[in-house]
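Everything below concerns the one structure shown next.
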Amino acid sequence: MARDRYTGGKIEEELFSEDERYLLDEDLQLDDALDLESLSLESILAEYKGSAYIDGDKKTPPDILDEKTKRIVLEETGRLGKSPEKPQKAEPAPKPPQSAPAPEEAAEVKISHPDTDVIPLRTSPSGRFQPPQEEFFPQESARADEAPSSDFDASEEYVEEPRKKRRGLFRRVRSARYEEDTVAEDYEDEEEYDDYYYEDEYGVEEEEPVVEEEIFEEPDFKVATRRFAALCNAYSVKTFLSFLVSAVMFILTLVYNGKSPLDTRGGFVATGVLLILLFLSMMIGVEQMYYGLVRLFRKQAGYESLNFFACLASAAAAAYALITKNFSSGLPYCAAASMAITAGLWGEKVHYRAFTETMKTATSASMPGGVVTEVADEINRIVTRKIPGRTGGFYTRLVSEDIAARTYRTAAPILIAASVVFALYIGIAKQRYGDIPFYLAALLTAATPLSASAAFALPFFSTARRLRKAGAAVAGWGGAEDLFTSDGVSVTDDDLFPPENISVSGVRVFDNVSPERAVRYTASMIAASGSGLARLFTKLASKQGSTLMKVDDFTCYEGGIGGTIHGDRVFTGNAAFMKLMGIRIPPNLNLKNAAFTAVNKRLIAVFILEYVPVKSVQYALVALLRHKVRLFFAVRDFGIMPVMLEQKYKIPVDDVEYLPIRSSYELSDTERAQTGRVAALLAREGLLPFAEAVTGARRLRNTATAATVFSVLSAVVGLLIMFIISWIGGAVVSGAANLAFYMLAMFVAFLFIGGFAKYQA
């Protein structure tokens, strides 16, 4: 029957079912048998039509109004089966021609919860891990006896007619609408609503696309290594030549700096030589000059643009002095501008050298492993983990824009504009229009720090050279940023205890079971789990001439594993797991590190395991914890327990997160689809190269950030100091030699900061 539901102060009415329409027509033919004197039909009609008018239903056709009125009459007379004493769902009255069977009561659905906290995970018959089915997670299933929503009247049960299931975007939007209790005012608008949102998606299952960074076609690593090495050698030659020119200009500036004021002849000679040498230096660094100009027009001005305008302003000031033969402002700032060119070339050399070191590490192994950062849905964290054989995208991340380039793309236009404004302001305010070129040259040169091009290159080179010794390489600034923002790293069985550091020190069999059968059953179960014990037991079975058996219905629990082999139910795990499964263990077998195997609830064998700690693993764990890197232990080996790790490696268990068995299996599965970007490469196996890559990336990120900030601050401070000096004493007081000394002092300080990444613990 139709019912009224109050939602948001408005009445949402449902249409009658077919059975109810039939009953309604039959009952209307028996109006003479009804006693309607006590109901006051006129008042009922007036009440309904009045409410319909108020609720905006005045445009409803008369036949619909009459139909709804008749329904109200029948409800009041009890002809539709309304049961006031029982608030449950009423059974519909049978049709007069034939009797319809009463609808069956909905069976109560109960989900049994195991007494233990184990979460079974299943694999395919081949033994490969498969994600658990939905039935293993009852907390996500809806209960049949859920309490009705607060929006419903508690006095009567509301049963919504089943709607045709729609998939894709429709389902998501509709559920959101219902959760917010925002429904359409009437069902007449629903068709228009659906067509508005779902013209093309009706009935189509759509998944949200995974947005990944575009990966360009990458060259062969060996080819890229040779190209980087060639560029490094080329810039080494350019840097040396530019250094010789800058040294001559610096000495000449020091010699003539003490002769103030300059005489016409001396000033003309010194200025002319400086201008010629500056042009020579610009020819040596012609690539920087070119990029500085081109990127300015592309609205991507960087430190190359600062260097270009500093050289251009210094050359203009020198040319103006030669033309006017006015050397009262002193020597032009050609030496300092040339020093900026030399520093820029040196920064490029260091950059390519860092690239070369990185690519040499990548090519040192035939199949290097990748380090990726990706969102682990199992724990809702960004986790860094190793992926064997994955290298795609490493080169793209390596050559991507670094923090220094990004910063100067913003800072360079500001510094150039500020220099022009300050120069014009000083010249106009002091009415020294002829000194404006000198003011502009001084300000632009002071705003061009020698550390600009090497702000990231120097820390990167220091980090790359250190990581190469450990067999690791970071993919430039992009890789360092990814590894820095990660919530932690995933540590697996092989990371903690390599297979060669685990051995079986003793075996004991029970129930007259042959040792070969015990080894075969145990090895088959452990091999299906893919844990760190798999290689050990596989070799043990191979030595006995046994082959592994197929494991069906593989299930993983906390502390153990289970499966079916040839119809036998087999369990393998630690002592606590055996007791949890109801398997009796002799009281004298109180072993901490052991693998117990039971077949059909009977213990058949115990394998005593010996775990030998590794010094490099302990060093790696301590280094990660020292750098505030959280450890996510995704272990499948049931023998690796927190207490055991604390004893073996002396690490605090409070700083380590032990994942549930389901999360451990999924996070340690290297064959699942990866969406993370490659942030580093590993040329060696083990936890130490992995830890070095993560900690090195964090040192690189911190050091490069500090060096870039220092470089920009030195530019700003130099600009302000030069503005104050020029305002107080004029261009001659600022002095070309004084500016050169300031820039050299800031560069020495930068070398200390930028190279600090090499010496961090």
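The values are calculated or read from the model by the stated rules, or taken from the named source; none is laboratory data. Just so we're clear, the structure is a prediction, and the values are computed from it rather than from any experiment. A quick note on method: Cβ atoms are made from the backbone with ideal geometry, for glycine too, and the neighbour counts reach across all protein chains shown.
Annotations
- Failed condition for residue 365, given (1) assigned to a loop (DSSP other than H, G, I, E, B); (2) in contact with a strand residue (DSSP E or B) (Cβ under 7 Å, 6 or more places away or on another chain): (2)
- Here the condition is being buried (at least 18 other Cβ atoms within 10 Å of the Cβ) and touching a residue at least 60 places away in the same chain (Cβ under 8 Å); of 630, 684, 626, 699, it holds for 699 alone.
- Across segment 537-554, the number of residues qualifying as buried (at least 19 other Cβ atoms within 10 Å of the Cβ) and of a type outside the set (A, V, I, L, M) comes to 2.
- Breaking point among (1) more than 30 Å from residue 256 (Cα to Cα); (2) free of Cβ contacts under 8 Å to residues at least 40 places away in the same chain; (3) of a type outside the set (S, T, N, Q), for residue 428: (1)
- So residue 398, is it touching a strand residue (DSSP E or B) at 6+ places or on another chain (Cβ under 9 Å) and modelled with pLDDT of 90 or more: yes
- Segment 619-645, subset over 25 Å from the mean Cα position of the chain (by Cα) and part of a helix (DSSP H, G or I), residue nearest to residue 665 (Cα to Cα): 642
- Residue among 397, 406 that is out of contact with any Leu (no Cβ under 6 Å at 6 or more places or on another chain) and surrounded by fewer than 20 Cβ atoms within 10 Å (Cβ to Cβ): 406
- Given (1) surrounded by fewer than 19 Cβ atoms within 10 Å (Cβ to Cβ); (2) closer than 29 Å to residue 597 by Cβ; (3) of a type outside the set (Gly, Ala, Ser), index of the condition residue 487 fails: (2)
- Wholly within segment 413-510, helices (runs of 4 or more DSSP H) carrying at least 3 residues that are closer than 30 Å to residue 661 by Cα, over 30 Å from the mean Cα position of the chain (by Cα) and in the same structural domain as residue 353 (by TED's automatic domain parsing): none
- Conditions (1) crowded, with 18+ Cβ neighbours inside 10 Å; (2) of a type in the set (Phe, Trp, Tyr); (3) over 30 Å from residue 556 (Cβ atoms); number of the one not met by residue 727: (1)
- Every residue from segment 528-548 that is over 18 Å from residue 610 (Cα atoms) and within 40 Å of the chain's Cα centre (by Cα): 528, 529, 530, 548
- A residue that is touching a residue at least 12 places away in the same chain (Cβ under 8 Å), polar (S, T, N, Q) and part of a loop (DSSP other than H, G, I, E, B) cannot be found anywhere in segment 578-588.
- Taking segment 669-687 as the range and being at pLDDT 85 or above and within 21 Å of the chain's Cα centre (by Cα) as the test, the residues that pass are 678, 679, 680, 681, 682.
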